[in-house]
């Protein structure tokens, strides 16, 4: 997928109603997870990504800073993000637990 033509989201769009369920793509443009939910609003927020699994089963939730993800909309208006993290790097992170 050519992300260069996709429109980057503004900081005011980095909210749960926009980001929940967004696909996350790794450095090789492979799907590595999806947004489970976020804590906070904007670039300072923490994004919880479900990594691995199949159809949400067996996925591991990990939390990363929103600034480590480049959120954008494709030609069809679908929100997704690109990150430098690989699936293996995300899987190696501590599992996120709700407080």
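Please check: in the Gaussian network model of the chain (C-alpha springs, under 10 Å), which one of 16, 61, 27 has the largest mean-square fluctuation. Residue with maximal mean-square fluctuation among 16, 61, 27: 27.
Between the entries [x] 18.8, 58; [y] 12.5, 39; [z] 14.3, 48, the label attached to Rg and Dmax of the Cα atoms in Å calculated for this structure is [y]. Of 47, 7, the sequence from fewest to most neighbouring Cβ atoms within 10 angstrom is 7, 47. In this simple spin-label approximation, residue 44 and residue 12 carry label points 7 Å from Cα along the Cα→Cβ vector, and these lie 1.8 nm apart. A Förster radius of 22 Å combined with the Cβ-Cβ distance from residue 23 to residue 98 puts the calculated FRET efficiency at roughly 0.50.
For the chain, adding -39500 (n - 2.57) for each run of n ≥ 4 DSSP H residues and dividing by the number of residues yields -1500 deg cm²/dmol at 222 nm.
Values quoted throughout were computed directly from the atomic coordinates according to the rules given, and no laboratory measurement underlies them. Bear in mind that the values here come from a model prediction, so they are computed numbers and not experimental data. Cβ atoms come from the backbone with ideal geometry, glycine included; neighbour counts cover every protein chain shown.
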